[in-house]
Amino acid sequence: MSETGSEPRRIQTTEQLVAVIRERVPMTSLTEFFGRAFGAVMAAMQEQGAFATGPPFARYHGMPGDSVDVEAGFPFGGHFNGADAVQTGTLPGGDAYEAIHTGPYETLGETYGAIQQRMQAEGLTPADIMWEYYLSGPEQEPDPAKWQTKVVWPAA
């Protein structure tokens, strides 16, 4: 277990409808992208009478380098068709591992490393997508040491 995360555990995810904005974003611009995307997605959903059914999340397609293919938004309920750059999609169901990361976003790599080690120890290969639910962050908690992020990494 990392100092900043809970012990990774194997779970079964269930498919979830999501509303997102997807872009290739420089790693240095992720914070700006998340702020813009979360606001636009929430506004588009509310305009059509849909509602968030969970915390904001980001799904990463492939491993980040200087930039990353990322989508950001919310799981939703109600009826939503998408609007402008906001698309609908699903988070997949299936075998995955999750861990709660406590601390600043810069140390998330420790939690990902712990999940990857656990998967490999159990003979599984990590998928090339993973997502993070932002349970608490700078909007609710000024102390980055107390931020909580749930990391979900499916098995391939």
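The values are calculated or read from the model by the stated rules, or taken from the named source; none is laboratory data. Treat the numbers as computed from the prediction; the structure is a model and nothing was measured. Quick reminder, even Gly has a Cβ in these numbers, built from the backbone with ideal geometry, and neighbours come from all protein chains shown. SASA here: full protein model, heavy atoms, side chains in, ligands and nucleic acids out. Shrake-Rupley method; radii C 1.70, N 1.55, O 1.52, S 1.80 Å.
Of all the criteria given as (1) at pLDDT 95 or above; (2) open to solvent by less than 40 Å² (accessible area, probe 1.4 Å); (3) outside any loop (DSSP other than H, G, I, E, B), the one not satisfied by Met42 is (2).
Take the residues in the stretch 89-98 that are under 30 Å from Glu47 (Cα atoms) and surrounded by 15 or more Cβ atoms within 10 Å (Cβ to Cβ); name whichever of them is nearest to the chain's Cα centre (by Cα).
Initial filter on the stretch 89-98 (under 30 Å from Glu47 (Cα atoms)): 89-93.
If we keep only those that are surrounded by 15 or more Cβ atoms within 10 Å (Cβ to Cβ) too, we end up with 89, 91-92.
On the way: Gly89: 14, Leu91: 10, Pro92: 12 Å.
Ranking the qualifying residues of the stretch 89-98, first place goes to Leu91.
Can you name every one of the strands (runs of 3 or more DSSP E) wholly within the stretch 55-156 that holds 2 or more residues which are at pLDDT 95 or above and in contact with a helix residue (DSSP H, G or I) (Cβ under 6 Å, 6 or more places away or on another chain)?
Working: elements: 57-61, 67-77, 87-91, 94-102, 129-136, 148-154.
It comes to 67-77, 94-102, 148-154.
On the stretch given as the stretch 14-39, residues that are under 18 Å from Gly109 (Cα atoms) and either charged (D, E, K, R) or in a helix (DSSP H, G or I) (or both) total 5.
Each residue in the stretch 26-44 was checked for being touching a residue at least 40 places away in the same chain (Cβ under 8 Å) and farther than 16 Å from Val86 by Cβ, and 3 of them qualify. His101 falls short on exactly one of the conditions (1) free of Cβ contacts under 8 Å to residues at least 60 places away in the same chain; (2) buried (at least 19 other Cβ atoms within 10 Å of the Cβ), and that condition is (1).
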